[in-house]
Amino acid sequence: MARQKTPYQWSARGFIAPGVLLIAVLLYLPLLWTIYLSFTDYNGLGSPDWIGFDNYVEMFTDGDFLTSALNTVLWVIGTLIIPVGIGLAVALLTWNLGGGVWLRLPFLIPYALSGIGVGVVWSFILSSGGALDQALAAFGIMDPPRWLLDAPLNTVVMIFAAAWQGVGMNALLFTIGLQAIPKEPLEAARIDGANGIRLFTSMLWPMLRPLTAVVVGLSIVASLKTFDIVWGMTKGGPGTVSETLALTMYKETFVNSDYGLGSAIAVFLTVITLVASVMYLRQQLSPKKEM
């Protein structure tokens, strides 16, 4: 028999209901509307015209979309290697030092900037004739690379700009994880002769595994949604050579007023983000079978 709801449970549901309704209105309804628009031809005026899978066919056969997808893959790889890797290195080098917080502070300050702010700062540095070109000219290098004009170099330097912003937060998260590790196993490992790389691979890295899964998962999601830094530095140009999927979605929807195609890209990006996140977290957080 089903248990009867107590007055307390009904009251609790009453308190939760406004939050659930707010989430439904602000999250689920726009998602359903976006999915519907992805099957229509709609310019923002009048009524959407149902066209089936035409937007998805156009999306996958468009060379610009394939360029955006490739750039997004580069962003995912670069974000995992550079800011996560350097953040871990900074945390390992400073977590057990006196005054280590002051050594981590310069890496954390850029995180306070917005993505657009980071884009503006690095555009000043990397634009043709900018601060970096002038510095290179002082050393006799008069024909430097066109940092923001040539692909895939422009995507690579933007990944470094994003890494400059993200290293500090990753270092902070890894430091929190390192400080939560019990000292007794580490002292026992040191007594047994484990130091340096051996201590890291045998003790620190396994104990950091749950936190690493979260940090990498967040980095994957953030890199798949990359928009603001690219918009601030190149706006996806020249042409479309440095666009990411998020930027292509924005341009198709709000610049070209092709809400159907923009919605199709948004749905595709949402699916890829969910699948990548779920697969990675399940693989990392599932219990490992002993040999």
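The values are calculated or read from the model by the stated rules, or taken from the named source; none is laboratory data. Everything numeric in this text was worked out from a predicted model, so none of it was measured. Note: ideal-geometry Cβ built from the backbone for every residue, glycine included; neighbour counts use all protein chains shown. These area figures cover heavy atoms from the full protein model, side chains too; ligands, DNA and RNA do not enter into them. Shrake-Rupley method; radii C 1.70, N 1.55, O 1.52, S 1.80 Å.
In segment 164-178, is there at least one residue being open to solvent by 80 Å² or more (accessible area, probe 1.4 Å), within 18 Å of residue 236 (Cα to Cα) and assigned to a helix (DSSP H, G or I)?
No; the residues of segment 164-178 include none that is open to solvent by 80 Å² or more (accessible area, probe 1.4 Å), within 18 Å of residue 236 (Cα to Cα) and assigned to a helix (DSSP H, G or I).
Does segment 241-288 hold any residues that are surrounded by fewer than 19 Cβ atoms within 10 Å (Cβ to Cβ), closer than 28 Å to residue 126 by Cα and among the polar types (S, T, N, Q), and which are they?
Once the filter is applied, which keeps residues that are surrounded by fewer than 19 Cβ atoms within 10 Å (Cβ to Cβ), closer than 28 Å to residue 126 by Cα and among the polar types (S, T, N, Q), segment 241-288 yields nothing.
Could you give every pair whose Cβ atoms fall below 7 Å, whose first residue belongs to segment 221-235 and is farther than 11 Å from residue 248 by Cα, and whose second residue is open to solvent by 50 Å² or more (accessible area, probe 1.4 Å) and in a helix (DSSP H, G or I), counting only separations of at least 6 or pairs across chains?
224/272; 228/116; 232/116; 232/120; 233/122
Determine whether segment 52-60 contains at least one residue that is assigned to a helix (DSSP H, G or I), touching a strand residue (DSSP E or B) at 6+ places or on another chain (Cβ under 8 Å), open to solvent by 80 Å² or more (accessible area, probe 1.4 Å) and among the charged types (D, E, K, R).
yes
When residues of segment 221-232 are filtered for being open to solvent by less than 20 Å² (accessible area, probe 1.4 Å) and either in contact with a strand residue (DSSP E or B) (Cβ under 7 Å, 6 or more places away or on another chain) or in a helix (DSSP H, G or I) (or both), how many remain?
Of the residues in that region, 4 qualify.
For segment 27-46, indicate whether the set of residues that are open to solvent by less than 80 Å² (accessible area, probe 1.4 Å), in contact with a Leu (Cβ under 6 Å, 6 or more places away or on another chain), of a type in the set (Val, Ile, Thr) and under 16 Å from residue 246 (Cα atoms) is non-empty.
The initial filter retains those residues of segment 27-46 that are open to solvent by less than 80 Å² (accessible area, probe 1.4 Å), namely 30-31, 34-35, 37-40, 42, 44, 46.
The next check asks that each one be in contact with a Leu (Cβ under 6 Å, 6 or more places away or on another chain); those that pass are none.
No, because not a single residue in segment 27-46 is open to solvent by less than 80 Å² (accessible area, probe 1.4 Å), in contact with a Leu (Cβ under 6 Å, 6 or more places away or on another chain), of a type in the set (Val, Ile, Thr) and under 16 Å from residue 246 (Cα atoms).
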